[in-house]
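For reference, the structure discussed in these notes is given below.
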Amino acid sequence: MDKIRLERFSFRFAEQLLNSKLAVKQEIETILTSCAVRLEELSRPSFNKTLRHAFVSKGWTDQPYVFADEDELGAKMDFLKDRVGIEVGFGHASFIGIDLLKFQVSSYSALDQIDVGVYIATTKRFQKHLATLGQNWEGSLTFEKITRYLPQFKSAIQVPIYVLGIDV
C-alpha cells in the first residue's frame, strides 16, 4: 500500500494562523495521511466518501451553508470546525473560482464563520500514479493549479487559505 504524504502551501499566512489551532491542523493532516485507502480502487467519489466519514466522525460539520439564507442560495462548504472551513477539490479544475469564493464569503459575509480556509486537492504526481492503476482523475483540480492561481487572486481573496496537496 502506497503511503500518502502532503504538499503544503500557505496563502496570506494561513499556516501561521492554523498553528494557533494546532490540534485542528494536526487533525486535518492526520485524517488525510492515515485514510485507509487502496489506491487501485480510489475513484473521486469513493475518496470523497472516505474523507466525509473521517471528518464527520471527528466532529466536523458536514456541508455547512455558505450564505445565511439557505433557501435563496444553496452554496455549501465541505466541512467546518472551530472557524476552519474545508473544501475538497476533487472536481473539475474549472471549480477553483467557486471554491475560493466560498472561503471568501464564509469569512466576510454576515455568517462570518471562518478565519482560515483549507483547500485539499491531489497533486499531478498523485493523479498520474492513479492513472497507472486504472483510475481516471483527468481534468481534476490539482494542488499545482491552486498554488499557481491563488496568488493571482490576492486582491479578491482576502481570507487566509492553507492548500494541502495529497501526494504519494
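The values are calculated or read from the model by the stated rules, or taken from the named source; none is laboratory data. Please read these numbers as outputs of a predicted model, since none were measured by experiment. Here the Cβ is made from the backbone with ideal geometry for all residues, glycine too, and neighbour counts use every protein chain on show.
The single condition among (1) touching a residue at least 24 places away in the same chain (Cβ under 8 Å); (2) basic (Lys, Arg); (3) over 22 Å from residue 65 (Cβ atoms) that residue 83 does not satisfy is (3).
Pairs are defined by a Cβ separation below 9 Å, a sequence spacing of at least 6 or placement on different chains, a first member in region 22-39 that is among the polar types (S, T, N, Q), and a second member that is surrounded by 15 or more Cβ atoms within 10 Å (Cβ to Cβ); the pairs so defined are 33/4; 33/6; 33/166; 34/4; 34/54.
Residue 109 - would you say it is more than 22 Å from residue 25 (Cα to Cα) and at pLDDT 90 or above? The answer is no for residue 109.
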